[in-house]
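Down below is the structure, laid out as structure tokens.
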Amino acid sequence: MEFSPTAATLPGIVAELGLVRAHGLLGLRSLELPLLHAASAAHGGGADGDGGQEIRPGAVETLLRDAVDTLGGGDLQTAAAYTFGLTQGAREWAAQDRRRRAAGVFRVSTDRFRKHHEKLVLAETAEAVLSLCAAHGTAGGSAAAPARAAGPAPLGPLPLDLVLGGTKARITVHTGPIEFVTGVDVLVSSENTYLEMSRTFRPTTSGALRRAAARQNAAGGIVDDVLARELHDWLVRFAAPGLPVAPGTVVATSAGELASQGVRRIYHAATVMPRSDGGYDTTPAVVTKAVRQVFEEAAVERDGFAPPLTSLCLPVLGAGRGGLAPAASLRAMLAAIGPALAERPYWEVHLAVRRPEVARVVLDVLAEYRPMTAARAQDAPAGRPEHARTADGRPED
């Protein structure tokens, strides 16, 4: 079959990875995995599954190993390796044994892992599969995306000292899902202007936070959809359910079950506007406005908590379904972060970047805002200091 690494393929990849999780690597020879076989051919630069290409279970295993290797290290990657039996000696383990070891990585019960973390592992691995295939080009002969010369993004949290529009700032970058971040007071979710959160099975920031914050019963069913419920209550009180709010609006809710990770608030930033074709639009100006509103809301709420709120973690807003390039989105965010920290320097700012390849872009952009050092000053072009900035903190052209 011809394989196209698009978002529409993602649910099918997740479903097939679920089969691999249940049956293990020893089951690859007997399972029907058309998408994974086609993806492994695309990843290896071969032809598609039609045309008589031999189906090789070993190629699927190689694809899985390569995909898991891109998950940024840490607990997520380790749990994924246990989930699929990729760790040394785990190849023949039963599914329940692999699940128990993976749950131990996150220090949660197997039931909690099954209902929450395991779904994230499958979704993240599926996204990694699609990213690998896109990087190598599809089997149909489409041009491959150029490989980056830079190495993988360093594992987070990675604190970076920056200068934003003349203001010294420290931003800590986390490579991994935002819902795994611990010990940060406020997590920020990107929402549409109707403030209708993404469905819990969607591999989006909104869907992942909604799922992680929900209260579930022993069977894994959601008994209290905390974030969606509180957003609806806000709409009833301050707006009109079914009608959009202004782009850049920010609404605060509780953290639901994420309170167990030290999270105290979720801020929902309305950054994307739905289109009639099912897609979304946003602009850098909307992203800047939303980030500005995040800091304003945090300042209002800060002293209402004991101890006061001090830290915020944002995703790269608008760079998913909003369609902005990650670099453009980040620059728009920095245009608001710099002035916010100049006014209120007590905030600790974190960025959570789900995909390692996007984290690499984020680190490349942030490197442009690093303070000047003697060595870098010597290398800067004559007549134009390396750290020259526009008024909003962007490097001059």
Cβ-based net charge around Thr205, under 15 Å, with every Lys or Arg adding one and every Asp or Glu removing one
+3
Dividing the convex hull volume of the alpha carbon atoms of the range 158-379 by its residue count, what do you get in Å³ per residue?
132 Å³
Could you tally the net charge around Thr87, taking each other residue with its Cβ under 11 Å from the Cβ of Thr87, Lys/Arg +1 and Asp/Glu -1?
+4
Under 5 Å from the placed amide H of Leu162, counting only residues 5+ away or on other chains, we find Ala169, Arg170, Ile171
For Val291, Val358, order by how many other beta-carbon atoms lie within 10 Å, fewest first
Val358, Val291
Taking amide H positions as placed in the peptide plane 1.01 Å from N, state which residues far from Ser189 in sequence (5 or more) or on other chains have amide H under 5 Å from it.
Tyr267, His268, Ala269
Out of every Cα pair in the range 7-136, what percent are spaced more than 18 Å from each other?
49 percent
Using the Cβ atoms and a cut-off under 14 Å, what net charge is assigned to the surroundings of Arg21, where Lys and Arg are +1 and Asp and Glu are -1?
+2
Straight-line reach from Lys289: which lysines have a Cα under 16 Å away, not including same-chain ones fewer than 8 places off?
none
The exposure ranking of Ser260, Ser198, fewest beta-carbon neighbours within 10 Å first, is Ser260, Ser198
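We did not get these values from a lab; they are worked out from the coordinates using the rules stated. These figures come from a predicted structure and were not determined experimentally. Note that each Cβ is placed from the backbone with ideal geometry, even for glycine, and that neighbours are counted across all protein chains shown.
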